[in-house]
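Remarks on the structure that follows.
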Amino acid sequence: MPTSDLDAPTQRILAIAELIAERGPITLVELCAALPFSRAAIWRAVGTLRLQGWVRMRAGDNAFEMRGELADRLARGHRSNPEVEAIAPIRERIMGYGPVHVELGGFTSTGVFRVLESTRKSYYSGQFSVPSLVDDDLAIAAQLTIPPPSLVLHLRAFMVSARDDERRVITSGEHGRVIAKLRDVGHIWQEDHSGIAMALPEFRGFALRAELWRVGKGDIARFRTQMEAFLAEQQGLFPATTPLSGNYAVNSNVPSSIRNAYP
């Protein structure tokens, strides 16, 4: 962190709060030894934290510690998905191929696939945030890295609330054939190559979709070249990622019509 930022009062307060949370109970002397701030600045910051109700001073040695009420509130609070954080550099790189819209999706529970982050505000409204497992390219791409036993369980759970046509696609084996065809490819291009959904080999059950929002011949050609270079790079990093191949034992209580579609 730059010195100019460290000198800012807000940054000082946050740095001191973080240190008390990590090392508390911690005395004023110990805070001064650990931080590049004056004793007076640290004392003022601690005073602000105590006034806010974040920190208390222990009797006897006057050591500072985070208040339990704050810790409980933080523990109950919303936090980002760790996979979303880990995938962020990939997403940001693809956004640099712009102008593109990018969606990141993943399985949040058995049978439930959600759009977790998107450059489109509409995806946060809920209308588009839970795609179908059988007719959405982002959801299909995410399934390409899931081993058959887990995939069958996802599909079985999905069918509980699926439409009749979605159930038919699964039980007929059509969906299994799509997965088998795409699993070694690992991505799905839109017909005009203005968009692509791709599995993320390092993150099973997650996928990214990038779509040009300004479509012209030059834009598509440039986007396709950039994405093909990216895909080739990923293939070099993960050359043997074919998690759906091989002989898997699927739970016997799964209907055979589903089980046989994912050998």
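The values are calculated or read from the model by the stated rules, or taken from the named source; none is laboratory data. Everything quoted here is computed from the prediction, not taken from an experiment. We place every Cβ from the backbone using ideal geometry, glycine too, and count neighbours over all the protein chains shown.
Scan (1) over 24 Å from Q235 (Cα atoms); (2) assigned to a loop (DSSP other than H, G, I, E, B); (3) in contact (Cβ under 8 Å) with a residue 24 or more places away in the chain for the single condition D192 breaks and write down its number.
D192 satisfies every listed condition except (1).
Please work out if F158 is among the hydrophobic types (A, V, I, L, M, F, W, C), under 22 Å from E202 (Cβ atoms), in the same structural domain as L231 (by TED's automatic domain parsing) and surrounded by 15 or more Cβ atoms within 10 Å (Cβ to Cβ). Before the answer, list the steps.
On the way: among the hydrophobic types (A, V, I, L, M, F, W, C): yes; under 22 Å from E202 (Cβ atoms): no; in the same structural domain as L231 (by TED's automatic domain parsing): yes; surrounded by 15 or more Cβ atoms within 10 Å (Cβ to Cβ): yes.
Against the criterion (among the hydrophobic types (A, V, I, L, M, F, W, C), under 22 Å from E202 (Cβ atoms), in the same structural domain as L231 (by TED's automatic domain parsing) and surrounded by 15 or more Cβ atoms within 10 Å (Cβ to Cβ)), F158 does not qualify.
Output the number of the condition that F113 fails; it satisfies all remaining conditions of (1) hydrophobic (A, V, I, L, M, F, W, C); (2) in a strand (DSSP E or B); (3) surrounded by fewer than 21 Cβ atoms within 10 Å (Cβ to Cβ).
(3)
Filter the helices (runs of 4 or more DSSP H) completely within segment 18-99 down to those with at least 2 residues that are touching a residue at least 60 places away in the same chain (Cβ under 8 Å) and under 30 Å from G195 (Cα atoms).
Correct list: 82-95.
Assess whether A221 counts as being in the same structural domain as R120 (by TED's automatic domain parsing) and assigned to a strand (DSSP E or B).
On the way: in the same structural domain as R120 (by TED's automatic domain parsing): yes; assigned to a strand (DSSP E or B): no.
Here the answer is no, as A221 does not meet what is asked.
Is there a residue being out of contact with any helix residue (DSSP H, G or I) (no Cβ under 9 Å at 6 or more places or on another chain) and modelled with pLDDT under 90 anywhere in segment 96-119?
For segment 96-119, residues out of contact with any helix residue (DSSP H, G or I) (no Cβ under 9 Å at 6 or more places or on another chain) and modelled with pLDDT under 90: absent.
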